[in-house]
1. Take segment 187-237 and flag every residue that is β-branched (V, I, T) and under 22 Å from F136 (Cα atoms).
2. Can you list the helices (runs of 4 or more DSSP H) found entirely within segment 125-210 that contain at least 3 residues being more than 30 Å from T228 (Cβ to Cβ) and touching a residue at least 60 places away in the same chain (Cβ under 8 Å)?
3. Suppose we keep only residues that are among the aromatic types (F, W, Y) and crowded, with 17+ Cβ neighbours inside 10 Å within segment 167-205. Which one would you say is farthest from S38 (Cα to Cα)?
4. Considering only residues that are polar (S, T, N, Q) and under 27 Å from V194 (Cβ atoms), look in segment 111-164 and name the one that is surrounded by the fewest Cβ atoms within 10 Å (Cβ to Cβ).
5. Taking G61, is it closer than 30 Å to V127 by Cβ and either surrounded by 10 or more Cβ atoms within 10 Å (Cβ to Cβ) or at pLDDT 65 or above (or both)?
6. What are the residues in segment 1-30 that are hydrophobic (A, V, I, L, M, F, W, C) and either within 16 Å of I68 (Cβ to Cβ) or at pLDDT 75 or above (or both), if any?
Amino acid sequence: MASGPPRLQSRTPLKSCLYVFALGSLIIISFQDTVLISLESDLGNHMILEHTLFFLMGYLGIKTSETILKILFAKIKNNNIDDAKGTTWQQTLMKRWTGIVRFLFAINKSPFLPLVSVIILLIFWHVPTVFDYAVFDGKVHILQHLSFILVGMLLFLCTRQLGESLTLYLLISSVGMMILSGLVLALANGRIYVPYTISSHNVAGEYMFAMSIALAVICLPVYLIRRTLLHIRTLTK
């Protein structure tokens, strides 16, 4: 029994380090022009890899900040720091973060509002004419990337309010979306997205179709088994 809390505390810094490392790596990659140009030369890499890169940046940006601030909060609590001893930078940071979180949840009274916003942004930026315009115009392309970072942040808010139900919904909807998009691109006889060749469309469709199979055959069963085991473990306690 006594070994429980220390083990939990030892995991938290490791988890925060992993978040910081992952976020830092994504930021470094996003500033590498050669990497982005290489990804954008192929429709499949552009749609799947590059866009996912910015989704993860947004999600991990908030997740990492939250994890680090939790550590600071625990440090303040363990050291018994109170307002009577003066305001520290940790206290100020925690108060600012608490204010930001309260503001976000105050304007987000409906848990489905961020989810609807995510769907609208994803559909908008993948409309062929809008997508083509973003490819040809650098400023619009940057705006597209910022929008995808926002999508990642909104998904974080969704997970805070909808929990495990959102994960299941995302897995199932991703499988359906990938199958539909993959079939459309794989069977395309003409250019849907003007900057890319027909063969690039077909290969992108094959990528998406393969990913949908992987999600349906591997990720979804693994998630359901994990969720079932956690539920059984909770009931047996």
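The values are calculated or read from the model by the stated rules, or taken from the named source; none is laboratory data. All of these numbers come straight from a predicted model, not from anything done at the bench. Every residue, glycine among them, receives a Cβ derived from its backbone with ideal geometry; neighbour counts consider all protein chains shown.
1. Going residue by residue through segment 187-237, those that are β-branched (V, I, T) are 192, 194, 197-198, 203, 213, 217-218, 222, 225, 228, 232, 234, 236.
Passing the criteria: I192, V194, T197, I198, V203.
2. On the way: elements: 128-136, 138-162, 164-186.
Hits in segment 125-210: 128-136, 138-162.
3. Residues of segment 167-205 that are among the aromatic types (F, W, Y), as a first pass: 169, 193, 196.
From what is left, the residues that are crowded, with 17+ Cβ neighbours inside 10 Å are 193, 196.
Values: Y193: 17, Y196: 13 Å.
So the residue we want is Y193.
4. First, the residues of segment 111-164 that are polar (S, T, N, Q): 117, 129, 144, 147, 159, 161.
Now narrow it down to the ones that are under 27 Å from V194 (Cβ atoms): 129, 144, 147.
Working: T129: 9, Q144: 23, S147: 17.
Top of the filtered list is T129.
5. Details: closer than 30 Å to V127 by Cβ: yes; either surrounded by 10 or more Cβ atoms within 10 Å (Cβ to Cβ) or at pLDDT 65 or above (or both): yes.
When the stated conditions are applied, G61 passes them.
6. Filtering segment 1-30 for residues hydrophobic (A, V, I, L, M, F, W, C) gives 1-2, 8, 14, 17-18, 20-23, 26-29.
Those that are hydrophobic (A, V, I, L, M, F, W, C) and either within 16 Å of I68 (Cβ to Cβ) or at pLDDT 75 or above (or both): L14, C17, L18, V20, F21, A22, L23, L26, I27, I28, I29.
Conditions (1) of a type in the set (D, E, K, R); (2) within 17 Å of the chain's Cα centre (by Cα); (3) farther than 25 Å from G61 by Cα, marked per residue:
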| position | (1), (2), (3) |
| --- | --- |
| K139 | yes, no, no |
| L143 | no, no, no |
| L146 | no, yes, no |
| L150 | no, yes, no |
| T159 | no, yes, no |
| G182 | no, no, yes |
| F209 | no, no, yes |
| P221 | no, no, yes |
| T234 | no, no, yes |
